[in-house]
Amino acid sequence: MHLLTPNTARLQRENAAPDSPGRRPESTVRMSEIISALSYALDLTEGRPMGHSVRSCLIGMRIAGEMGMGIAEQRDLYYALLLKDAGCSSNSSKLFHILSADEIRAKRDVKLTDWTRVGWESLQYALTHVATGAPFLNRVRTLVQVAAKQQTESCLLVKIRCERGASIARRIGFPEPVAQAIHSLDEHWNGGGYPDGLRHGEIPLFSRIMNLSQTLEVFLVNRGQQPAIDVARKRSGRWFDPELVRAAASLEKRGQLWSGLDQEQAIEHALAVEPKESRMLANEEMVERISQAFAEIIDAKSPFTFRHSNGVADAAVGISRQLALSEENVTFMRRAALLHDIGKLSVSNTILEKPAALSKDEWDVVKLHPYYTFEILRRIPGFEELSDIAAAHHEKLDGSGYYRHRSADQLSLEMRILTVADIFDALAAKRP
Ligand SMILES: [Fe+2]
Ligand SMILES: [Fe+2]
């Protein structure tokens, strides 16, 4: 049997593109370039437009600058802002089961709701996000259950999310203040937040800045500049540290709060605000840890994909070794496999966990996930080739795959390895 195809021989001969963290250890790619690109996946899980974390990061760093924060602290805050939603996928399945409805839509809209106040706003939120589409009596029953357990369940959901987020930051190798900041993101100035009900100075300063920044970003994108600053003032002293709100208002007044937040520019501006003195390069070990951490985020979305990314990685490594690929290419294939389903973070658990055949519309949503994989990974310098391969994992030789409908001559050996590894792991797993 000829295992060494011309394609394999090419792979072994070929020198990869220089400075590619996808392939080579001596990368000159910055950590911030990788983390900011991957933060787009976290945005999708939270129902936010891609770039939410990056824009929140820009706003937060401006507030920190206005407060006179030192460089070392700014470096930690910078990564805490980019990774604030690292735990976002860990409560998706639970939230979907509590609401019996689309959890991404619920996550998206809760950010525009003052859920701490019982009133028309929170009632309207419940009516439009709980058991939508279920028969009337089932809906009423679910609404009553949700209302009765609202506080305990909300606290638990935040707890799961913030603990997982903090543990991911630690796993990547960020210092403890970054992990703590992510852990306390949802605490409120007046003690009404979760998970620990911390108040005032008990809440880490980073978390206070992050909570204010993300709210400013959400209202800016959905309602505009004036409503964004209005909501910050309205919640000052309840949700937010009044001193930080004053700093944001002062920046706003001088025209320095919102500049450079446009869709395409935001990532460039966010990369520029990372303190120069403490910029980190992504060495081989870091790229490895980040890939593993994001595989964990991807797999935490649904209990049915538990360990899928690692399973595909193991299979891809096995096949690559069997085909006698070089160790450098085996590493490359493992990374592509760990990240191949990152676009799946855009798919609601109503679809991922549906115990029946999917409708056409639902299939259309599923078929977009490799597109999002490409859109997220292509932003990382040096990941151009890896993003192309990862995005092709549902293509088929006869052109019937998705989402680019490639034919056999457009599918490289690496793409074929990844596709087989993906199908192998999916068939071996228990799924609906
Ligand atoms: Fe997939
Ligand atoms: Fe997959």
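Flag set for Ile389, criterion: in contact (Cβ under 8 Å) with a residue 24 or more places away in the chain, of a type in the set (A, V, I, L, M), closer than 21 Å to Ala282 by Cβ and assigned to a helix (DSSP H, G or I). Per the listing Glu252, Glu243, Glu217, Glu288, the residue uniquely modelled with pLDDT under 95 and charged (D, E, K, R) is Glu288. Here Asp314 passes the criteria (1) charged (D, E, K, R); (2) within 16 Å of ligand 2 (Cβ to nearest atom); (3) closer than 30 Å to Gln74 by Cβ except the one numbered (3). Annotation note: of Glu264, Glu296, Glu284, the sole residue that is within 16 Å of ligand 2 (Cβ to nearest atom) and either under 30 Å from Phe424 (Cα atoms) or out of contact with any Phe, Trp or Tyr (no Cβ under 6 Å at 6 or more places or on another chain) (or both) is Glu296. Scanning region 311-335 for residues that are over 17 Å from Ile389 (Cα atoms) and within 15 Å of ligand 1 (Cβ to nearest atom) yields one hit, Gly311. Just wondering, is there one or more residues in region 365-377 that are among the hydroxyl-bearing types (Ser, Thr, Tyr) and more than 16 Å from ligand 1 (Cβ to nearest atom)? Checked against the condition, which is being among the hydroxyl-bearing types (Ser, Thr, Tyr) and more than 16 Å from ligand 1 (Cβ to nearest atom), region 365-377 yields no hits at all. Tallying residues that are touching a Pro at 6+ places or on another chain (Cβ under 7 Å) and either aliphatic (A, V, I, L, M) or within 14 Å of Pro175 (Cβ to Cβ) (or both) within region 42-77 yields 4. Restricting attention to region 44-69, the residues that are under 24 Å from Val245 (Cα atoms) and either modelled with pLDDT of 95 or more or part of a helix (DSSP H, G or I) (or both) add up to 18.
Is one or more of the residues making up region 367-380 within 16 Å of ligand 2 (Cβ to nearest atom), in a loop (DSSP other than H, G, I, E, B) and closer than 15 Å to Ala426 by Cβ? Taking every residue of region 367-380 in turn, none turns out to be within 16 Å of ligand 2 (Cβ to nearest atom), in a loop (DSSP other than H, G, I, E, B) and closer than 15 Å to Ala426 by Cβ. If you go through region 212-227 and keep only what is buried (at least 21 other Cβ atoms within 10 Å of the Cβ) and free of Cβ contacts under 8 Å to residues at least 24 places away in the same chain, you end up with nothing. Does Arg307 qualify as being among the basic types (Lys, Arg) and more than 14 Å from ligand 2 (Cβ to nearest atom)? Against the criterion (among the basic types (Lys, Arg) and more than 14 Å from ligand 2 (Cβ to nearest atom)), Arg307 does not qualify. Would you mind stating whether Ala293 is touching a residue at least 40 places away in the same chain (Cβ under 8 Å), within 16 Å of ligand 1 (Cβ to nearest atom) and in a helix (DSSP H, G or I)? No, not satisfied. There is no residue in region 387-401 that is under 16 Å from the mean Cα position of the chain (by Cα) and surrounded by fewer than 22 Cβ atoms within 10 Å (Cβ to Cβ).
One line per residue, one yes/no per condition, for (1) of a type in the set (D, E, K, R); (2) surrounded by 22 or more Cβ atoms within 10 Å (Cβ to Cβ); (3) in a helix (DSSP H, G or I):
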{"site": "Lys301", "(1), (2), (3)": "yes, yes, no"}
{"site": "Asn310", "(1), (2), (3)": "no, no, yes"}
{"site": "Asp314", "(1), (2), (3)": "yes, no, yes"}
{"site": "Ile319", "(1), (2), (3)": "no, no, yes"}
{"site": "Arg335", "(1), (2), (3)": "yes, yes, yes"}
{"site": "Lys344", "(1), (2), (3)": "yes, yes, yes"}
{"site": "Lys354", "(1), (2), (3)": "yes, no, no"}
{"site": "Ala357", "(1), (2), (3)": "no, no, no"}
{"site": "Trp363", "(1), (2), (3)": "no, no, yes"}
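Restricting attention to region 251-287, the residues that are among the small types (Gly, Ala, Ser), without any contact (Cβ under 8 Å) to a residue 40 or more places away in the chain and touching a Gly at 6+ places or on another chain (Cβ under 9 Å) add up to 1.
If we scan region 417-430, do we find a residue that is assigned to a loop (DSSP other than H, G, I, E, B) and closer than 22 Å to Phe332 by Cα? No, because not a single residue in region 417-430 is assigned to a loop (DSSP other than H, G, I, E, B) and closer than 22 Å to Phe332 by Cα.
With respect to Leu377, determine if the residue is in contact with a Lys or Arg (Cβ under 9 Å, 6 or more places away or on another chain) and closer than 23 Å to Ala37 by Cβ. Taking the combined requirement at face value, the residue does not satisfy it.
Are any residues in region 86-108 at pLDDT 70 or above and part of a loop (DSSP other than H, G, I, E, B), and if so, which ones? Result: Ala86, Gly87, Asp102.
Are any residues in region 255-309 among the basic types (Lys, Arg) and either over 19 Å from the mean Cα position of the chain (by Cα) or at positive phi (or both), and if so, which ones? Answer for region 255-309, where residues must be among the basic types (Lys, Arg) and either over 19 Å from the mean Cα position of the chain (by Cα) or at positive phi (or both): Lys276, Arg279, Arg307.
The values are calculated or read from the model by the stated rules, or taken from the named source; none is laboratory data. Note that the coordinates shown come from a computational prediction; the quantities given were computed from them, not determined experimentally. All Cβ positions, glycine included, derive from the backbone under ideal geometry; neighbour counts span all protein chains shown.
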